[in-house]
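Chemist: The structure that follows is given in the form of structure tokens.
The values are calculated or read from the model by the stated rules, or taken from the named source; none is laboratory data. Keep in mind that what you see is a predicted model, and the values were worked out from it rather than measured. FYI the Cβ positions are ideal-geometry reconstructions off the backbone, even for glycines, and counts take in every protein chain you see.
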Ligand code: EPU
């Protein structure tokens with residue numbers, strides 16, 4: 001038996017829905033907690049599969065972890081291993097964030113290379129370069145990243161592109177390395193700032209997160225902290241797009257409107273009403289959308305993780321939209337699934353898709369080919385006539401906390417079903 005999401009389309013979403021804590025912040029902050037000399041309590045941790053995999057990994061390494069009602073308590077004092085097994089580490093991208101942390105603790109780390117969503121080549125050369133610049137010997141042996149402390153000293157790191165993963169790994173390495181490290185061309189995403197704030201609350205010297213240059217004076221012993229994770233930017237955006245797709249009137253609470261400006265601007269361009277204050281965003285639409293062109297970029301540009309759900313919305317916009325994906329090469333595979341529902345989409349070149357709006361989508365069986373493709377299928381299913389059945393639910397649950405329940409509470413006809421033949 002496998003699980004699917006079943007959506008009866010065309011229901012209007014209405015009411016309030018609360019956003020969960022950020023996945024990409026949580027998967028960086030939880031490993032960072034191992035660097036403390038006393039327990040950490042982390043609040044607003046999303047209850048998603050990626051977090052459960054991390055808990056298993058931390059426990060395997062020897063940490064004590066409790067997780068209940070989105071609060072995680074981590075006691076790292078009993079960690080006594082530096083080599084998480086492939087069966088766990090291979091399940092998620094962010095497991096390689098353990099490498100710099102275990103290196104800080106044991107001067108050696110052996111971490112299987114990243115798994116996660118298959119959205120194209122995901123090299124780690126920038127992570128390797130960052131660690132090497134700080135005096136770490138790095139080798140990849142048989143699919144395992146082996147990092148050994150050599151002559152550790154703070155240094156400049158110039159990233160070739162503002163990679164989220166390389167920025168996180170450079171930060172997590174630098175906090176344990178004596179001297180000043182400057183990470184140039186750093187990623188500026190909200191989860192980078194959140195990790196910096198968490199490290200600061202543990203006693204680290206971290207300045208400049210959210211700008212192009214992050215400065216870290218490393219080598220201090222870090223202590224336990226109480227911390228609350230930032231709201232999930234991508235879940236917020238997914239809910240905004242879902243609200244617009246349904247022609248609804250939805251207020252997303254517990255959000256940070258400033259993180260959503262690139263999406264809000266696009267939705268306004270499309271004719272959707274977006275208003276916000278303090279910690280909520282209200283989205284209203286009449287299901288009539290103008291086409292727009294979108295190009296993905298690092299923060300504060302339009303996030304690649306919202307490209308797929310927004311593309312789903314564009315399938316019913318009036319006119320033709322051009323979508324340029326500059327971050328991941330294989331993030332258009334999901335368009336084949338949208339085509340099954342009647343969308344008029346064409347990949348012109350590997351990074352450019354043309355979407356011409358159609359009058360209606362029709363529900364059918366589709367597959368979530370990765371996490372955000374799953375979000376796109378949900379958006380399409382909400383708009384489609386008839387029933388949409390989405391396979392690959394595991395991908396969706398990796399990153400969205402109880403998304404089916406959240407949408408059902410604001411009026412979606414969505415349920416998780418068990419089927420024999422899930423593909
Ligand atoms: N890149 C390199 N070399 C490197 C690192 C990155 O060439 O050493 C390239 C990548 O191939 C890609 C670009 O740089 O073209 C950006 O990759 P980045 O390192 O920023 O991505 P990531 O760290 O692998 C994180 C998120 C992704 C999100 C991207 C972009 C986590 C755990 N994952 O991935 O989230 O799409 O940043 O914002 O933080 C998702 O949540 O669905 C997801 C895939």
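Chemist: Do we have any residue at all in segment 399-406 that's touching a helix residue (DSSP H, G or I) at 6+ places or on another chain (Cβ under 6 Å), in a helix (DSSP H, G or I) and modelled with pLDDT of 95 or more?
Modeler: No.
Chemist: Kindly indicate whether residue 102 is away from the ligand (no atom under 16 Å from the Cβ), within 25 Å of residue 205 (Cβ to Cβ) and at pLDDT 95 or above.
Modeler: Working: away from the ligand (no atom under 16 Å from the Cβ): yes; within 25 Å of residue 205 (Cβ to Cβ): yes; at pLDDT 95 or above: yes.
So residue 102 fits the description; yes.
Chemist: Contact list please: Cβ distance under 7 Å, first residue in segment 185-197 and at positive phi, second residue at pLDDT 95 or above and more than 10 Å from the ligand (Cβ to nearest atom), pairs at least six apart or on different chains.
Modeler: Here the result reads 185/158; 185/212, each pair linking segment 185-197 to a residue that is at pLDDT 95 or above and more than 10 Å from the ligand (Cβ to nearest atom).
Chemist: Here is a further query. Could you please let me know if residue 7 is assigned by TED's automatic domain parsing to the domain that holds residue 396, within 21 Å of residue 396 (Cβ to Cβ) and either in contact (Cβ under 8 Å) with a residue 12 or more places away in the chain or in a loop (DSSP other than H, G, I, E, B) (or both)? Outline the logic, then answer.
Modeler: Values: assigned by TED's automatic domain parsing to the domain that holds residue 396: yes; within 21 Å of residue 396 (Cβ to Cβ): yes; either in contact (Cβ under 8 Å) with a residue 12 or more places away in the chain or in a loop (DSSP other than H, G, I, E, B) (or both): yes.
It is true that residue 7 is assigned by TED's automatic domain parsing to the domain that holds residue 396, within 21 Å of residue 396 (Cβ to Cβ) and either in contact (Cβ under 8 Å) with a residue 12 or more places away in the chain or in a loop (DSSP other than H, G, I, E, B) (or both).
Chemist: Let me ask something else. Please give the number of the condition residue 418 fails out of (1) outside any strand (DSSP E or B); (2) over 18 Å from residue 245 (Cα atoms); (3) in contact (Cβ under 8 Å) with a residue 60 or more places away in the chain.
Modeler: Looking at each condition in turn, residue 418 falls short on (1).
Chemist: Looking only at residues that are at pLDDT 95 or above and surrounded by fewer than 17 Cβ atoms within 10 Å (Cβ to Cβ) in segment 132-145, which one is farthest from the ligand (Cβ to nearest atom)?
Modeler: Checking each candidate, the answer is 137.
Chemist: I've got another one for you. Across segment 156-184, which residue is farthest from residue 26 (Cα to Cα) among those that are assigned to a loop (DSSP other than H, G, I, E, B) and away from the ligand (no atom under 11 Å from the Cβ)? Let's see the steps before the verdict.
Modeler: First, pick out the residues of segment 156-184 that are assigned to a loop (DSSP other than H, G, I, E, B): 159-163, 175-178.
Pick out the ones that are also away from the ligand (no atom under 11 Å from the Cβ) and you get 175-178.
Values: 175: 18, 176: 20, 177: 23, 178: 26 Å.
Ranking the candidates gives 178 first.
Chemist: Before we move on, is residue 328 surrounded by fewer than 21 Cβ atoms within 10 Å (Cβ to Cβ) and at pLDDT below 95? I'd like the intermediate steps shown before the answer.
Modeler: Values: surrounded by fewer than 21 Cβ atoms within 10 Å (Cβ to Cβ): yes; at pLDDT below 95: yes.
Yes; evaluated as a whole, the condition is true for this residue.
Chemist: Applying the selection to segment 302-315, what residues are assigned to a loop (DSSP other than H, G, I, E, B) and either crowded, with 24+ Cβ neighbours inside 10 Å or at positive phi (or both)?
Modeler: Of all residues in segment 302-315, those assigned to a loop (DSSP other than H, G, I, E, B) come to 303, 315.
Listed by number, the list holds a single entry, 315.
Chemist: Follow-up question, since we're still on this one. Kindly check whether there is at least one residue in segment 206-216 that is within 21 Å of the chain's Cα centre (by Cα) and part of a loop (DSSP other than H, G, I, E, B).
Modeler: Among the residues of segment 206-216, at least one is within 21 Å of the chain's Cα centre (by Cα) and part of a loop (DSSP other than H, G, I, E, B), which makes the answer yes.
Chemist: Next question, about the same structure. Of the residues 348, 355, which single one is more than 20 Å from the chain's Cα centre (by Cα), over 22 Å from residue 247 (Cβ atoms) and part of a strand (DSSP E or B)?
Modeler: On the way: 355 fails: over 22 Å from residue 247 (Cβ atoms).
None of the others qualify; the one that does is 348.
Chemist: Of the residues that make up segment 369-386, is at least one at pLDDT 95 or above, surrounded by fewer than 16 Cβ atoms within 10 Å (Cβ to Cβ) and over 27 Å from residue 210 (Cα atoms)?
Modeler: Within segment 369-386, one or more residues are at pLDDT 95 or above, surrounded by fewer than 16 Cβ atoms within 10 Å (Cβ to Cβ) and over 27 Å from residue 210 (Cα atoms).
Chemist: Let me ask something else about it. I need the full set of residues from segment 316-341 which are touching a strand residue (DSSP E or B) at 6+ places or on another chain (Cβ under 7 Å) and in contact (Cβ under 8 Å) with a residue 40 or more places away in the chain, in order please.
Modeler: Selection gives 317, 337, 338, 341.
Chemist: Looking at segment 2-54, which of its residues are within 16 Å of the ligand (Cβ to nearest atom) and over 18 Å from residue 406 (Cβ atoms)?
Modeler: 24, 25, 27, 28, 29, 30, 31, 32, 52, 53, 54 - these are the residues of segment 2-54 that are within 16 Å of the ligand (Cβ to nearest atom) and over 18 Å from residue 406 (Cβ atoms).
Chemist: Please indicate, with yes or no, whether at least one residue in segment 112-123 is at pLDDT 95 or above and within 16 Å of the ligand (Cβ to nearest atom).
Modeler: To start, the set of residues in segment 112-123 that are at pLDDT 95 or above comprises none.
No; the residues of segment 112-123 include none that is at pLDDT 95 or above and within 16 Å of the ligand (Cβ to nearest atom).
Chemist: Could you tell me which numbered condition residue 214 fails, if it satisfies all but one of (1) within 16 Å of the ligand (Cβ to nearest atom); (2) on the phi > 0 side of the Ramachandran plot?
Modeler: (2)
For every residue, the table says whether it meets (1) touching a residue at least 40 places away in the same chain (Cβ under 8 Å); (2) closer than 28 Å to residue 235 by Cα; (3) part of a loop (DSSP other than H, G, I, E, B).
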position: 52; (1), (2), (3): no, yes, no
position: 77; (1), (2), (3): yes, no, no
position: 97; (1), (2), (3): yes, yes, no
position: 105; (1), (2), (3): yes, no, no
position: 137; (1), (2), (3): no, no, no
position: 148; (1), (2), (3): yes, no, no
position: 154; (1), (2), (3): yes, no, yes
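Chemist: Within segment 85-95, track down each residue that is farther than 16 Å from residue 124 by Cα and either part of a helix (DSSP H, G or I) or within 16 Å of the ligand (Cβ to nearest atom) (or both). If you could, list the steps in order and put the result at the bottom.
Modeler: So the first thing to find is which residues in segment 85-95 are farther than 16 Å from residue 124 by Cα, and the list is 85-88, 91.
Across segment 85-95, the qualifying residues are 86, 87, 88, 91.
Chemist: Hey, residue 329 hits all of (1) more than 16 Å from the ligand (Cβ to nearest atom); (2) farther than 20 Å from residue 388 by Cβ but one; which does it fall short on?
Modeler: Every condition holds for residue 329 apart from (1).
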